[in-house]
Amino acid sequence: MPNQFELTGGRTWYAQQSFMQHARIGFTQNYVFAPGSFVFGGVSAERQQSLSAREDANSWGLNTGVRFSLANKDRLTLSVNAKRSQSLDANLDYDQLTLSARYALAKPIAGVSVHFGVSLGQKNHDISRFSRFGRQDKTASFDVTGVFNQIEVYGFSPSVTLTARQTNSNIGLFETRDFGLRVGIQSAF
C-alpha cells in the first residue's frame, strides 16, 4: 500500500461526566524498496475540545520508520514519532519523542497470528503547576497481540492484546504502572 489516510474521533468521560472529545487526521506515505520491506513517513494533527473546565489543546506529529521482511518471513518495524502539543493552558504544552519496535511472526501459533511491540518515550513539559523545573516523564511499554485468523466475519477477525506500561516522572503524581487487556476486531485483509 503506497499511502495511508487516517481519520479518528472519540469522547472521554471522567467520573461519569463528559471530559473531552477529540478528532485526529493523519497521512502516511510508504516507499517500497524490496518485497515486503518499505520506509515510511507521515504527519498528523489532533484537536482536543474540552467538555469540562480543561482547556482545548492542539497537537501535531511526525513519524518515520522502516519495515523489513526477514528471510524467515517475519516482519520487523522500527519507528520514531515526534509530537508537540499546545494549549492556552501551559500545563498542556509538551514535546514528546517515542522510539518503537514491532516484531510480527509470519507463522501463526495454534492458528493465532502473533506480534510484539516495545516502545520508549520521553515527554517534556516546560511548565508544571507542581514543580518549578517543569515535568519530565519517561515511559516504557510492551505489548503482545494475538489475532484469531481462523474466525472471520465480514472480513474481520477477533484480537486480544496484553499491555504493560510504566511511566517514571520527576513528579511522583505522574508515575504510573499499567497492565491491560484489550479485546477487539481487526481487518483480515
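The values are calculated or read from the model by the stated rules, or taken from the named source; none is laboratory data. It should be emphasised that the depicted structure is a prediction, and the values quoted were computed from it without experimental measurement. Using ideal geometry, Cβ is built from the backbone for each residue, glycine included, and neighbour counts are taken over all protein chains shown.
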Just checking, which of Lys138, Lys123 is surrounded by 17 or more Cβ atoms within 10 Å (Cβ to Cβ) and assigned to a strand (DSSP E or B)? Lys123
Residue list for region 2-12, restricted to those being surrounded by 11 or more Cβ atoms within 10 Å (Cβ to Cβ) and in contact (Cβ under 8 Å) with a residue 12 or more places away in the chain: Asn3, Gln4, Glu6, Thr8, Gly9, Arg11
Tell me the residue from Ala15, Ala57, Ala53, Ala34 that is among the aliphatic types (A, V, I, L, M), surrounded by 15 or more Cβ atoms within 10 Å (Cβ to Cβ) and more than 17 Å from the chain's Cα centre (by Cα), please. Ala57
For Val66, which of the numbered conditions (1) surrounded by 13 or more Cβ atoms within 10 Å (Cβ to Cβ); (2) within 29 Å of Asp126 (Cβ to Cβ) fails to hold? (2)
What residue, among those in region 146-186 that are among the hydroxyl-bearing types (Ser, Thr, Tyr) and in a strand (DSSP E or B), is surrounded by the fewest Cβ atoms within 10 Å (Cβ to Cβ)? Thr176
Looking at this structure, is Asn72 assigned by TED's automatic domain parsing to the domain that holds Arg24, exposed (fewer than 14 other Cβ atoms within 10 Å of the Cβ) and among the polar types (S, T, N, Q)? yes
Checklist (1) among the charged types (D, E, K, R); (2) over 30 Å from Tyr31 (Cα atoms); (3) part of a strand (DSSP E or B) applied to Glu55, failing item: (3)
